[in-house]
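Following: one structure in structure tokens, then a few remarks.
Read the figures in this text as sums done on the coordinates, not as results from a lab. In this text the structure is predicted, and so the values were computed from the model without any measurement. Reconstructed Cβ throughout: ideal geometry from the backbone, glycine too, with neighbour counts over all protein chains shown.
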């Protein structure tokens, strides 16, 4: 029997607050998107600003090593991902205390397992990459996964109801602590350990503050079998999807790390950071705004809800694509202006990767619909297809054109997976090809015009 929700947002019961979801959908989407945009802007100012300072305090090889560490940690996190937070967002029992406590318990267990695995694989990876620093660096950075595991279920509840203001403020405070700590440590020690310990301090502060988001929620260790079964049933395909998604987004670093010097890998990492700036905004909006809204289409199934989501997606494309066009046309200028000559080759890498970002923008604003409709199997198939295409394009490109071909293959794969996604989402009646065609045509025209103007 389903329990009534006892949790509240702004002192209003969650099961009573949304009387007419369709009528409030557009307002929630707009408000959520604006807060996500604000949070992303603040986050990127902190991240990119600190990155610029750190490139002057530390050496390029430091960024190469940290790129490897973050990829390894991300891989472990993806391998253990069973869609806990997503399950709470979309499941009808998402506000149920027993369901939430079970989700939190599984989250804690997952964090502990990730940290343990970091210790087990650290030395073999240090030997493989011929980087002895990784033997201790990976477990230290991996401690953040254990800390994240104890984040309060309030985070999931606020995401479920698209109440983003407290979440954004919470994240920005934690990131600010991490950035300031990292810069101070880097200035004093001039070592890679500044990045590692600065991130841990930020994680600790974020954990403490998470329990102030909804003070009425006090998680308990519980493991209700029905709730755990629901999370597993939904998340079993996400497990595979997440691993493939990790390979798609971070596999290039793992592959390049085996062939490039740590210095050159650090240069590539700089290009990758800038190429994903806009995409990361969309990923955040996807998780915080579009996923709950797509889920509401699944629950309500009316045309009004579909129209609101379609408008939201159109606004996101119009807001983000021009930013990517700037990176494609002026990527070299951006790198030369912000960094010293050691990072100059990141310019052409950025331009190629930014082209691929256009394809990613088109797909990521639709793919979460599969999860929202409970089609985690379809989402898994899409991720497998993306991974295979990426591997094929990287192999083909590197074989015939070297490093330029490899990076171009990464970009091309972002477009080639689109027909597969269209086939999978069409049955849910949330595929709007006119929006995607508009995005592609406008991108070709804008980039072509920009290059023509620059080159005379």
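Ranking request for peptides 214-224, 61-71, 349-359: highest mean number of other beta-carbon atoms within 10 Å first, then the rest in descending order. Present the calculation step by step, with values, prior to reporting the outcome.
Values: 214-224: 14.3, 61-71: 21.9, 349-359: 24.3.
Ranking, from highest mean packing down: 349-359, 61-71, 214-224.
Using every pair of distinct Cα positions in the range 384-456, the Kirkwood expression returns a hydrodynamic radius of 14.2 angstrom. Full extension of the chain between residue 416 and residue 226 gives 64.4 nm of extra length, using 0.36 nm per residue less the Cα-Cα distance.
Percentage of Cα-Cα pair distances in the range 24-451 greater than 37 Å, rounded to whole percent? In whole percent, the long-distance tail amounts to 20. Once the Cα-Cα distance is subtracted from the 0.36 nm per residue extended length, the residue 388 to residue 455 segment shows a gain of 20.5 nm. Two numbers describe the Cα atoms of the range 80-119: Rg and Dmax, which are 11.5, 38 Å.
For residue 169 and residue 70, FRET efficiency with R0 = 22 Å and r from the beta-carbon atoms, rounded to 0.05? Working shown, then result.
Details: r = 25 Å, r/R0 = 1.13.
With R0 = 22 Å, the Cβ-Cβ based efficiency is 0.35.
On full extension of the chain, what length is gained from residue 432 through residue 377, given 0.36 nm per residue of separation minus the C-alpha to C-alpha distance? Intermediate results must be reported in sequence, preceding the final value.
Numbers: separation 55, 0.36 × 55 = 19.80 nm, distance 2.15 nm.
Value of the extension gain: 17.7 nm.
Note on the range 87-189: semi-axes of the ellipsoid equivalent to its C-alpha gyration tensor, largest first and rounded to whole Å, are 32, 21, 9.
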